[in-house]
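A short write-up of the structure that comes next.
The values are calculated or read from the model by the stated rules, or taken from the named source; none is laboratory data. Just so it is clear, the model here is predicted, and its values are computed rather than measured. Virtual Cβ from ideal backbone geometry, glycine too; neighbours counted across all protein chains shown.
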Amino acid sequence: MAHAAPTAPRRHWQATGTDDMIKGQLTRALLLGLVYGVWAAFMRRDTGGVDTGNVFYGILCGAVFAGIMFTLARVGPRLMRELHAAAYGAFGGIAVGYLYSLADHSILRSCWVGFITGIGIGLAAFYRYYTREP
């Protein structure tokens, strides 16, 4: 009988702190930090030539982004899902708003773009955490 066939047990994966998980989080944070740093350096360049200041600025922005992203990945699962989603929303909104401000837009418009982006990221993160909670 097909309807009575046994099924595989469902497993809920949780953060356990294993070395492979930490390496994966660190790799993702470094890659996204690299992309963010290159993007910030490109926006700061303002159609001029690449100089040492732009390179160091990109490295600094990428390192800060990667550090915050790695910290959120390590600390986030211990938080309530609402707070976890809000932290990712705030982080994403601030990061996008800052990059938008580098394109010589007004501070009010940069805050508005960051706020809207942060709301979107926070809602998407909350939906993900709410539907995948054991």
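A few remarks follow.
- Taken over the stretch 61-96, residues that are farther than 11 Å from TYR36 by Cβ and over 10 Å from the mean Cα position of the chain (by Cα) amount to 16.
For (1) charged (D, E, K, R); (2) closer than 24 Å to LEU31 by Cβ; (3) outside the structural domain of VAL38 (by TED's automatic domain parsing), each residue gets a yes or a no:
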site	(1), (2), (3)
GLY58	no, yes, no
CYS61	no, yes, no
VAL64	no, yes, no
ALA87	no, yes, yes
GLY97	no, yes, yes
ARG109	yes, no, yes
GLY122	no, yes, yes
